[in-house]
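Before any comments, here is the structure.
The values are calculated or read from the model by the stated rules, or taken from the named source; none is laboratory data. All of these numbers come straight from a predicted model, not from anything done at the bench. Here Cβ is always computed from backbone atoms with ideal geometry, including for glycine, and neighbour counts include all displayed protein chains.
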DNA sequence: GATTGTCGGATTGTCAACAATCCGACAAGT
DNA sequence: ACTTGTCGGATTGTTGACAATCCGACAATC
């Protein structure tokens, strides 16, 4: 007999949090939009208690903001927020890279990253930006997971969620760029065997300058296939 | 007339979260201890709803862990947890140092840090380890705050809280070491004007090896004035 | 016209009651 | 003796009702 995992129990508040997180990240709600408890509880078929608990979680994750006695609102991220998100994301990814390159997970991580980069290349060639975008996120998440630090990964998840919000809010979504997948392949190559400095340099190049990316994005609002970093 | 700040509204759940956080960090509850909702709500004079919301927050902060239908427990941190906490803390502090040294907050941050280090020195000379310990935490928090990143500071706060838990759980509290305050003075000096590499090197030295620190702490359980890092 | 005061409606915050879950103790069956 | 089934008690999870808060609209006053 195969060994089994314990059955995972999920409270209603957990399920509600997951649903809301997905909807927020999918852009279902406008930035700054208020989530009305009574209306939302009715729509989800739950009472307000678990909904409040769920929203509390998302407030902690940075996706919602709560004003006592006024309500809970979807965050409205500014250009400064974008800069901050990118700064923290970059810091976390760098920390992960430092650990991966100096530790025992280097080749395993590179292998996973190569897998994702290849699938991302295929998706891009097939013109499927949505899948490509998801794989882009997965690439970076896998990179951070490669450090083997639960807390680093958990922190990264929240910041990555905010990145998605920034994409919707400030940049009009994930955009395809011709060589984006190849950049990821290159990163995976470097992570496999390059010196730390070379990896970090490429990572920096890969991120670019968030503000400049934003400005280009706003100028090219009719979609000139310009880069949007993840 | 002086300009006034808006009056801050606090929900009961916020107040409960703050109280619980303080009590947990003060070691009021044993590692792994269950917090019983009915009993605790009675003791705090609130209903279970706000208490549940508060506990949800602390679960997100990593101080509590929730098992559906079983209850909420104070986290029981292992040696691996200690390593992880220290790794993430160090990563965040490094990221802060990189930004401070390359940005415009260098001298202001160093000034604040010097102030704290001096007060810490005085407290240590006066034999007041508790104040010294609090100042030690404040030093590092101020260092991270100097990066001017709200998200970095917020993340650091949660990891620092876990550090305090580790101290209680695994190391028997904050211990005084003769030259600890001077180490902080030295760090503040380096942050004021040294090259990045020198600052980072001293920061690494300052942290030491968490596992070795733990082992020394367990061996010296009768208190040989050995270092406990923050 | 500007300022102050009042009120009602919408919404959030809290509470207490009931439902659901889980675990341990005990009984029954093999 | 070991395994399976049942039940009760303790606790958590959810619900709906009531309390509290806030804001905007409107009236009254200067």
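Observations, loosely collected:
- Residue A:29 fulfils the conditions (1) more than 16 Å from DNA strand D (Cβ to nearest atom); (2) away from every other protein chain (no Cβ under 14 Å); (3) over 23 Å from the mean Cα position of the chain (by Cα) except for a single criterion, (3).
- Within the range A:148-160, considering residues that are farther than 17 Å from residue A:18 by Cβ and more than 8 Å from chain B (Cβ to nearest Cβ), the one nearest to the chain's Cα centre (by Cα): A:156
- Of the candidates B:10, B:35, the single residue that is within 11 Å of DNA strand D (Cβ to nearest atom) and loosely packed, with under 13 Cβ neighbours inside 10 Å is B:10.
To keep it simple, each residue is scored yes or no on (1) modelled with pLDDT under 65; (2) within 21 Å of residue A:85 (Cβ to Cβ).
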site: A:166; (1), (2): no, yes
site: A:170; (1), (2): no, yes
site: A:173; (1), (2): yes, yes
site: A:205; (1), (2): no, yes
site: A:218; (1), (2): yes, yes
site: A:225; (1), (2): yes, no
site: A:229; (1), (2): yes, yes
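- Residue check for residue A:130: in the same structural domain as residue A:194 (by TED's automatic domain parsing) and either in a helix (DSSP H, G or I) or within 16 Å of DNA strand C (Cβ to nearest atom) (or both): yes
- Checked against the criterion of being away from DNA strand D (no atom under 16 Å from the Cβ), surrounded by fewer than 16 Cβ atoms within 10 Å (Cβ to Cβ) and not assigned by TED's automatic domain parsing to the domain that holds residue A:144, the range A:42-60 contains not a single residue that satisfies it.
- A count restricted to the range B:59-90 and to residues that are closer than 21 Å to residue A:58 by Cβ, away from DNA strand C (no atom under 16 Å from the Cβ) and more than 8 Å from every other protein chain (Cβ to nearest Cβ) stands at 3.
- Residue that is modelled with the lowest pLDDT, among those in the range A:98-127 that are in a helix (DSSP H, G or I) and within 21 Å of residue B:86 (Cβ to Cβ): A:102
- Among residues of the range B:61-81, those that are over 23 Å from residue B:18 (Cβ atoms), part of a loop (DSSP other than H, G, I, E, B) and either in contact with a helix residue (DSSP H, G or I) (Cβ under 7 Å, 6 or more places away or on another chain) or within 16 Å of DNA strand D (Cβ to nearest atom) (or both), counted: 3
- Where residue A:124 falls short, out of the listed (1) touching a helix residue (DSSP H, G or I) at 6+ places or on another chain (Cβ under 7 Å); (2) surrounded by fewer than 20 Cβ atoms within 10 Å (Cβ to Cβ): (2)
- Being at pLDDT 65 or above, over 19 Å from residue A:83 (Cβ atoms) and outside the structural domain of residue A:57 (by TED's automatic domain parsing) is true of residue A:147.
- The combined condition, being outside any loop (DSSP other than H, G, I, E, B), within 16 Å of DNA strand C (Cβ to nearest atom), within 12 Å of chain A (Cβ to nearest Cβ) and within 30 Å of residue A:99 (Cα to Cα), is not fulfilled by residue B:15.
- Residue selected from the range A:18-32 under the condition assigned to a loop (DSSP other than H, G, I, E, B) and without any contact (Cβ under 8 Å) to a residue 12 or more places away in the chain, by the criterion surrounded by the fewest Cβ atoms within 10 Å (Cβ to Cβ): A:26
- Some residue of the range A:82-97 being out of contact with any strand residue (DSSP E or B) (no Cβ under 6 Å at 6 or more places or on another chain), closer than 19 Å to residue A:137 by Cβ and not in a helix (DSSP H, G or I): no
- For the range B:46-58, filtered to residues that are more than 10 Å from every other protein chain (Cβ to nearest Cβ) and near DNA strand C (Cβ under 7 Å from one of its atoms), the residue that is farthest from residue A:12 (Cα to Cα) is B:46.
- Residue in the range A:30-41 that is within 23 Å of residue A:134 (Cα to Cα) and in contact with a strand residue (DSSP E or B) (Cβ under 9 Å, 6 or more places away or on another chain) present: yes
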